[in-house]
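Peer 1: Handing you this structure, nothing more for now.
Each reported figure results from applying straightforward, stated rules to the coordinates on display, with no laboratory input. All figures in this text were calculated on a predicted structure; none of them were measured in a lab. Virtual Cβ from ideal backbone geometry, glycine too; neighbours counted across all protein chains shown.
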Amino acid sequence: MMVESGHGLRLLKDRLPEIRAWLDRLAQEEPENSRTYRILEALYEAQARVEEEALRRLREAGLVEEVQAAARRIAVERKPLVALLGGLPRPLMGEAFLRDSMLAIMDAAAGAGFSLEGAAASLRDPVEKAVLSLSQLVEELLQGREDSIHAWAGAVSADRDRVRALALWLLQPLLSALRLAAGPALDWAREYWQQGVCPVCGSATRVGYMRGEGRRQYLICQACGMEWVFPRARCPYCGAERPGDVVLYRPLPDKPWLRLYRCRRCGGYWKVVDEEDEKAVKAGLPPRGLYNVYSFALDEIAEGAALEERR
């Protein structure tokens, strides 16, 4: 389970009322998933505080102009912002700040029902005792490595999925703060980047939406919340775009605005919300930051189909 972004330049704290209302609605509509939605609500509140503090640190360090200058270089160098900066700025990588942020996130999740118990010890112990380097953990995640996740999971005898979730929940508001600091300097990337990975943090995603003239497709980064235009007939994973490479399904008759795309070449899938579908407009749509959880049914369908193919 990952908390989602996707919200322009508004701080998370300013969007919490709408997010809470929709999570309450989803919990009522899907009582079997109500615990998941309660955990998400608690996490959003904790992440909002981390995001606000991270943005304050960037501003107080006088780094906003540097971040924006790097964002403008995306057009020339065709690299994600984090890569151009050489990682997250130093004010966001202090061990004390990361430890306090992680503990706040862990406490919020645990209070809503997320288990922090490992077979040998609590997942909280290595963080609270400063045995685990969280700056190293963040650096590894940005590089696509999970050495510290494996070490953390092994130290407390916990499954890696839970540890990975906690690590990503910490990283998300840091990346979101960086995106907010870059602000309008990311305008070029929103329109013309058109790669399958995020122009801010380089993460892959499987969530998007369609709207506007020609029903343009946008991808939404599940890590930092960046939104950018992406061709509808291209696979965001392998780049396949020949006729027939990308197949569209609408597997939910009661929600035809939820589109499932699948690449015949690499097997990847992604989910797109048609925001201008008449039935969707009438039913109402959640904030884009909730599109991933709102479309969980598509994940189950896609993963079930992939499992059948492997048999």
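Peer 1: Quick one: compute a quarter of the convex hull surface over the Cα atoms of the range 1-80 and quote it in nm².
Peer 2: Details: hull surface 26.9 nm².
For the range 1-80, the mean projected area of the Cα convex hull comes to 6.7 nm².
Peer 1: Quick one: Cα convex hull volume of the range 1-136, Å³ per residue? Before the final figure, lay out the partial values.
Peer 2: Values: hull volume 19.0 nm³, N = 136.
Convex hull volume per residue, Cα atoms: 140 Å³.
Peer 1: (i) 25, 28, 20, 19, 7, 2; (ii) 32, 60, 8; (iii) 29, 47, 21, 3: which one is P(r) over Cα pairs in 20 Å bins from 0, in percent as calculated from this entry?
Peer 2: (ii)
Peer 1: Using the crude model of +1 on Lys and Arg Cβ and -1 on Asp and Glu Cβ, and no other charge, please compute the dipole size for the range 49-137 relative to its Cα centre, in debye to 20.
Peer 2: Working: 12 positive and 13 negative charges, 85 e Å.
Its charge dipole is roughly 420 debye.
Peer 1: How many nm is it between the label spots at ALA69 and ARG35, if each spot is 7 Å from the Cα in line with the beta carbon?
Peer 2: The answer from the label model is 5.1 nm.
Peer 1: Further question on the same structure: Once Lys and Arg get +1 and Asp and Glu get -1 on their Cβ, which of ILE74, SER34, VAL127 lies farthest toward the positive end of the dipole of the chain?
Peer 2: ILE74
Peer 1: Let me ask something else. Please state the charge dipole magnitude for the chain, taken about the Cα centre, from unit charges on C-beta atoms (+1 on K and R, -1 on D and E), reported in debye and rounded to the nearest 20.
Peer 2: Numbers: 44 positive and 45 negative charges, 173 e Å.
For this selection, approximately 840 debye.
Peer 1: If you don't mind, another one. For the range 12-132, what's the relative contact order in percent, using C-alpha pairs closer than 8 Å and at least 6 residues apart?
Peer 2: Values: 81 pairs, mean separation 31.7, N = 121.
It rounds to 26 percent for the range 12-132.
Peer 1: Mind grabbing the base-10 log of I(q)/I(0) for the range 169-293 at q = 0.15, 0.18 Å⁻¹? Debye formula, identical points on the C-alpha positions, no solvent, two decimal places.
Peer 2: Debye curve over Cα of the range 169-293, log10 I(q)/I(0) at q = 0.15, 0.18 Å⁻¹: -0.71, -1.00.
Peer 1: Taking 0.36 nm per residue of separation and subtracting the Cα-Cα distance, what length does fully extending GLU303 through GLU276 add? Walk me through the intermediate numbers first.
Peer 2: Numbers: separation 27, 0.36 × 27 = 9.72 nm, distance 2.68 nm.
That pair, GLU303 and GLU276, stretches by 7.0 nm at full extension.
Peer 1: So, one more: What is the magnitude of the charge dipole of the range 12-188 about its Cα centre, with +1 placed on the Cβ of each Lys and Arg, -1 on the Cβ of each Asp and Glu, and no other charges, expressed in debye to the nearest 20?
Peer 2: For this selection, approximately 400 debye.
Peer 1: Turning to a different aspect of this structure: Roughly speaking, what is the stretch gain from ALA61 to GLU117, that is 0.36 nm per residue apart minus the C-alpha to C-alpha distance, in nm to one decimal?
Peer 2: Numbers: separation 56, 0.36 × 56 = 20.16 nm, distance 3.74 nm.
Computed gain between ALA61 and GLU117 is 16.4 nm.
Peer 1: Select from the chain the helices, each a whole stretch of DSSP H, whose alpha-carbon atoms run 18 Å or more along the helix axis and whose Kyte-Doolittle mean is at least 0.0; answer none if there are none. Numbers along the way, then the final one.
Peer 2: Values: long enough: 12-29 (25 Å, -0.78); 34-60 (39 Å, -0.91); 95-111 (24 Å, 0.68); 160-182 (33 Å, 0.67); 296-310 (22 Å, -0.02).
Qualifying helices, which must be both long enough and hydrophobic enough, are 95-111, 160-182.
Peer 1: Looking at the chain, send over the antiparallel percent of its DSSP beta bridges, to the nearest 5.
Peer 2: Details: 18 of 22 bridges.
Rounded to the nearest five, the antiparallel share is 80 percent.
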